[in-house]
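The values are calculated or read from the model by the stated rules, or taken from the named source; none is laboratory data. These numbers come from a predicted model, not from an experiment. Using ideal geometry, Cβ is built from the backbone for each residue, glycine included, and neighbour counts are taken over all protein chains shown. These area figures cover heavy atoms from the full protein model, side chains too; ligands, DNA and RNA do not enter into them. Shrake-Rupley method; radii C 1.70, N 1.55, O 1.52, S 1.80 Å.
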Amino acid sequence: MINKTLALLASASLLASASAANASSLSATSAAAVQEEAAKSAMTEGEKMKALFAQSDADSLERNPIGALFRGDERYADRLGDYISDEYFAAELAAEESELAALTALDRTKLSVTDKIAYDVFMRDKKQAIKGMSKEIMDLSVVRPLNHFSGFHTFYPNFASGKGAAQFKTVKNYEDNLKRHAEFITMTDRSVGRFRQGMDSGVVETKLTIGNVVEQLATQIALGLEKSPFMAPTQAFPEDFSDADKARLTKEYEAMTTKIFASYQAMHDFLKNEYLPVAREGVGLSYMKGGDVMYKHLIENTTTLPLEADYIHKLGVSEVARIKTEMEEIKDEVGFKGTLSEFFTHLRTDTKFQPESREALTQGYYALGKEVDKVIATQFKTLPKSPLEIRPYDESIEKFQAGGSYQSGTPDGSRAGVFYFNAYDLPSRNTSGMTTLYLHEGAPGHHFQISLAQENEDLPNFMRFGGNTAFVEGWALYSEKLGFPMELFGDPYQRFGHLDDEMLRAMRLVVDTGLHSKKWTREQAIKYMLDNSSMGETDATAEVERYIAIPSQALAYKIGALTIQRLKKKAQASLGDNFDPREFHDQVLNTGALPMTVLEKKIDDWIATQI
């Protein structure tokens with residue numbers, strides 16, 4: 001898992017309807033101007049395309065100011081953005097259509113190999129975005145602006161607390177945050193209007209997700225001014241602020257936070273008293289009006305492949321059966337005489353699989369990192385310039401964090417990438433999964449994929465800093481299997497830990513499609529996960545409620561990994577003794593996070609040049 005607060009922005013882009021006739025002409029004009037200027041000049045097709053990409057990126061940052069802040073660009077720091085009104089989505093649609101037209105006006109045959117890939121990615125992105133803003137899809141998404149897993153009410157408090165991407169170093173930084181607060185209140189209030197549209201059209205969220213939102217809002221309100229994250233910046237003023245500025249800003253922050261609470265309360269009361277009674281009982285999209293259309297769209301958007309839910313479900317069932325067979329083989333290898341379920345219990349409870357101490361766990365990951373460093377060159381010819389640090393989560397936040405995650409560094413390497421591991425509640429941390437977790441979150445997983453893309457200045461920004469879940473998480477899951485050729489899985493318990501993690505991703509294919517295309521209940525989904533893995537009921541419940549809230553997202557991991565594995569087998573079969581994993585991995589990673597369709601064409605073209 002990578003720290004991806006911007007994922008909320010991506011989901012927010014599906015949550016309003018738009019009319020192209022009323023579109024803002026800003027981005028359309030920009031794209032057209034680039035095209036006209038290029039036509040007058042002696043620019044090559046590649047130069048024209050890069051100019052289009054640069055203008056598109058600049059226009060997008062202006063329309064989506066939070067994206068700029070995450071890059072350290074403060075030109076629009078006094079704005080949060082809209083993300084929900086008809087006008088906003090009209091402008092987005094106009095930009096997508098104008099930029100697609102400008103791209104298709106170029107002669108693809110005159111582009112370099114890498115530029116052709118960039119052309120294909122940009123075209124696919126534009127077409128998918130336009131499809132996502134069609135009336136059919138927007139009527140099913142705009143009226144469900146948030147749930148307990150995806151919504152600005154979950155993202156914004158931390159973002160505005162001084163611990164997020166926004167800086168709090170100057171008086172202007174503090175004043176910009178107040179202006180963003182005003183736009184956040186507007187967005188919160190408009191969300192109620194979107195929910196009301198859904199009540200009128202019959203497209204509503206679930207009682208489960210909305211019940212959770214009601215609880216989330218009540219919890220944030222109950223914190224009060226003193227403990228609210230919105231007031232946190234006033235408790236950490238820079239030393240060079242004057243007393244007058246501190247006093248003024250504190251008063252203004254109190255007033256604005258009070259307004260945020262009032263907006264929260266209004267949404268809380270509306271959802272609890274008016275919306276919750278009409279929310280749907282069935283948790284999957286299969287129970288929602290138009291849910292089959294929405295789920296089909298989401299599958300293609302998330303996996304970057306035109307797959308059917310039934311195919312994915314059967315694939316998941318097959319993978320679960322395969323993994324269980326391999327688990328049984330390891331159980332027999334180590335001489336355990338009980339059932340597989342009893343072996344799961346043995347791994348969870350035997351103290352030899354629990355870290356001896358926080359320091360021992362830390363040193364274990366340090367040692368693992370050094371071991372990987374010794375053999376990584378057998379699989380990769382290009383290594384990231386950015387260093388990778390290994391750290392436990394800070395003790396103040398570790399209780400609520402995942403087992404591990406990755407935070408990307410900067411493109412110039414001035415800030416290292418960080419692999420975080422969780423040392424909270426040590427008896428619950430199973431050492432059998434250490435190798436797999438490091439390969440996924442650290443090297444060569446997220447660290448290699450994200451760093452190599454960022455460091456490649458030949459790529460346009462949308463490829464250096466963008467991507468899709470199928471590639472990003474698919475690569476990280478694929479990386480776990482590289483422990484075998486790097487001879488890191490000699491210990492059968494580490495191999496079992498690898499299978500245990502792989503099982504979760506396989507079960508996701510079954511459960512997500514079960515919920516959203518086969519009318520599974522929440523309880524049915526939880527039981528399936530308990531019956532086929534070592535998960536406890538609390539973890540299984542959290543996983544299932546995540547799939548309910550963000551349909552299709554969990555499919556991307558396994559679909560992406562299986563696609564990369566299949567392409568590797570294709571290359572091995574075609575090239576035989578000439579196959580070099582270092583060259584294959586270079587081809588996979590050197591153009592950023594590609595849609596699976598574009599990646600397959602790239603690998604096919606590469607194979608053809610090697611034969």
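Mean residue ellipticity, 222 nm, helices only, the chain: the sum of -39500 (n - 2.57) across DSSP H runs of n ≥ 4, divided by residue count and rounded to 500, is -20000 deg cm²/dmol.
Please compute the Kirkwood hydrodynamic radius of the range 504-560 from all pairs of different C-alpha atoms, in Å with one decimal. By the Kirkwood definition, the hydrodynamic radius is 11.0 Å.
Annotation note: trypsin sites (Lys or Arg not before Pro) in the range 329-375 located in DSSP loop regions with a Cβ neighbour count of at most 13 within 10 Å are Lys337.
Here the chain has 52 percent of its accessible surface on carbon and sulfur atoms, given a 1.4 Å probe and all protein chains in place. Test of the criteria: in the range 154-236, which chymotrypsin sites (Phe, Trp or Tyr not before Pro) are in a DSSP loop and have at most 10 other Cβ atoms within 10 angstrom of their Cβ? Passing both the DSSP loop test and the Cβ count: no residue. In plain terms, if you count all Cα to Cα distances in the range 38-80 and split them into 5 Å steps from zero, the share in each step is 5, 24, 21, 14, 11, 12, 10, 3 percent.
When only C-alpha pairs under 8 Å and at least 6 residues apart count, what is the relative contact order of the chain, in percent?
About 15 percent, as a whole number.
Using Stokes-Einstein with the Kirkwood hydrodynamic radius over Cα pairs, what translational diffusion coefficient do you get for the range 406-538 at 4 °C and a viscosity of 1.567 mPa s, in µm²/s rounded to a whole number?
It comes out at roughly 77 µm²/s.
Evaluating kT/(6 pi eta Rh) at 37 °C and 0.692 mPa s, with the Kirkwood radius of the range 466-511 over Cα pairs in the Stokes-Einstein relation, gives 281 µm² s⁻¹. The alpha carbons of the range 259-354 occupy a box of 61, 39, 24 Å along the principal axes, longest dimension given first. Taking N as the residue count of the chain, its C-alpha radius of gyration divided by 2.2 N^0.38 Å amounts to 0.98. Free of any GluC sites (Glu not before Pro) that DSSP assigns to a loop and that have at most 11 other C-beta atoms within 10 Å, the longest stretch within the chain is 1-238.
Per residue, the accessible area of the range 157-244 comes to 46 Å², computed with a 1.4 Å probe over protein heavy atoms only.
Where only protein heavy atoms count, and the probe is 1.4 Å, what is the accessible area per residue for the range 40-143 in Å²? Solvent-accessible surface per residue comes out at 41 Å².
First check a/c for the range 524-611, with a ≥ b ≥ c the square roots of the eigenvalues of its C-alpha gyration tensor; if it is under 1.5, answer rounded, and if not, answer prolate when a/b is larger than b/c or oblate otherwise. Walk me through the intermediate numbers first.
On the way: a/c = 3.81, a/b = 2.52, b/c = 1.51.
Because a/c hits 1.5 or more and a/b exceeds b/c, the range 524-611 counts as prolate.
Heavy-atom accessible surface of the range 499-611, averaged per residue, reaches 36 Å², computed with a 1.4 Å probe. Distance distribution P(r), the range 320-385, all Cα-Cα pairs, bin width 10 angstrom from 0: 16, 27, 30, 23, 3 percent. When both bridge partners sit in the chain, DSSP labels roughly 35% of those beta bridges antiparallel.
What you get for the chain, charging only the Cβ of Lys and Arg (+1) and of Asp and Glu (-1), is a dipole of about 640 debye around the Cα centre.
Kindly provide the Kirkwood hydrodynamic radius of the range 390-436 in Å, to one decimal, from all pairs of distinct alpha carbon atoms. That comes to 11.7 Å for the range 390-436. Taken along its principal axes, the alpha carbon cloud of the range 322-462 reaches lengths of 56, 37, 28 Å, longest axis first.
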